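Laboratory data are not the source of any read-out in this text; all were calculated from the coordinates shown. Everything numeric here is computed off the predicted structure, so don't read it as measured data. Here the Cβ is made from the backbone with ideal geometry for all residues, glycine too, and neighbour counts use every protein chain on show.
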Amino acid sequence: MPGDEAITFDGQRPNEEVLVMWRKHPWVLAHPGFISVGIILIAALVLRFFGASAVTSITIVVALIAIAVIGGLGWFKWRNGMYILTTERLIDVDQRSVFHRVVGELPIEHIQDVAYEVKGPLATMLNFGNVVVQTIGGGTTITMEVVESPHTVQQSILEARNTYVGANPNRKA
């Protein structure tokens, strides 16, 4: 059936299975949307004050290009930024721009604490927040920003860690 394909990614290890993958909540796409609305309003004001003219035509073309670039870049960053929980590690893929990606990972056996925060009325209504994953000794953390249903994300990570530790009792953290 379509949609039943296993999730894979570059750098996946042999026998490593993807348990779940998360992206930031779609709300992060609202920022480029608000900027696009602002550009449309500016183009409308130019049309209002200058009428149908060369200035208006140029403004509208520039506005449409700017909206396409801002919207496309926002979507690209959202689509390519993700958090991947596997049977062996938690991976943070942060797509900062078209040519700038930062990837971090935590071995699942090193995860000690997973906390989440839902802050503000909008985050509460739309059910998104941050999940902070800390390692033993507090040396390394991954902050999963603006994820949907942070409580479920927290529980999934803790469950995966407990499953790993239970299946590998002799492994030292």
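Annotations
- Shape annotation for segment 123-173: C-alpha extents along the principal axes are 43, 23, 9 Å, from largest to smallest.
- 3J(HN,Hα) couplings calculated from phi for segment 59-76 with the Karplus curve 6.51 cos²θ - 1.76 cosθ + 1.60 (θ = phi - 60°) are, in sequence order, 4, 5, 4, 5, 4, 5, 5, 4, 4, 4, 5, 5, x, x, 5, x, 5, 4 Hz; Gly and Pro show x.
- Diffusion coefficient, µm² s⁻¹, Stokes-Einstein with Kirkwood Rh over alpha-carbon pairs of segment 30-76 at 4 °C and 1.567 mPa s: 119 µm²/s
- The Cα trace of segment 76-173 gives Rg and Dmax of 14.2, 45 Å, the first to one decimal, the second as a whole number.
- Relative protection proxy for 83-90, 159-166, 6-13, 148-155, from highest mean packing down: 83-90, 148-155, 159-166, 6-13 (other beta-carbon atoms within 10 angstrom).
- Our helix-only sum for the chain, with -39,500 (n - 2.57) per DSSP H run of n ≥ 4 divided by its residues, gives a mean residue ellipticity at 222 nm of -14000 deg cm²/dmol.
- Fully extending the segment from residue 140 to residue 76, taken as 0.36 nm per residue of separation minus the present Cα-Cα distance, adds 20.3 nm.
- The share of Cα pairs per 5 Å bin across the chain, counted from zero up to the longest distance, runs 1, 8, 13, 15, 15, 13, 10, 7, 6, 4, 4, 2, 1, 1, 0, 0 percent.
- Long-range HN-HN contacts of residue 89 with modeled amide H, under 5 Å: 108
- Sorted by Cβ density within 10 Å, fewest first, the residues 128, 99: 99, 128
- Taking amide H positions as modeled 1.01 Å from N, with prolines and chain starts lacking one, the residues under 5 Å from residue 105 and 5 or more places away or on another chain are 92.
- Positive minus negative residues near residue 73 (Lys, Arg vs Asp, Glu; Cβ under 15 Å): +4
- Along segment 117-134 the Karplus relation, 6.51 cos²θ - 1.76 cosθ + 1.60 evaluated at θ = phi - 60°, assigns HN-Hα couplings of 9, 10, 10, x, x, 5, 4, 5, 5, 8, 6, 9, x, 10, 10, 10, 10, 10 Hz to successive residues, with x for each Gly and Pro.
- The chain: relative contact order as a whole-number percent, Cα under 8 Å and 6+ apart: 19 percent
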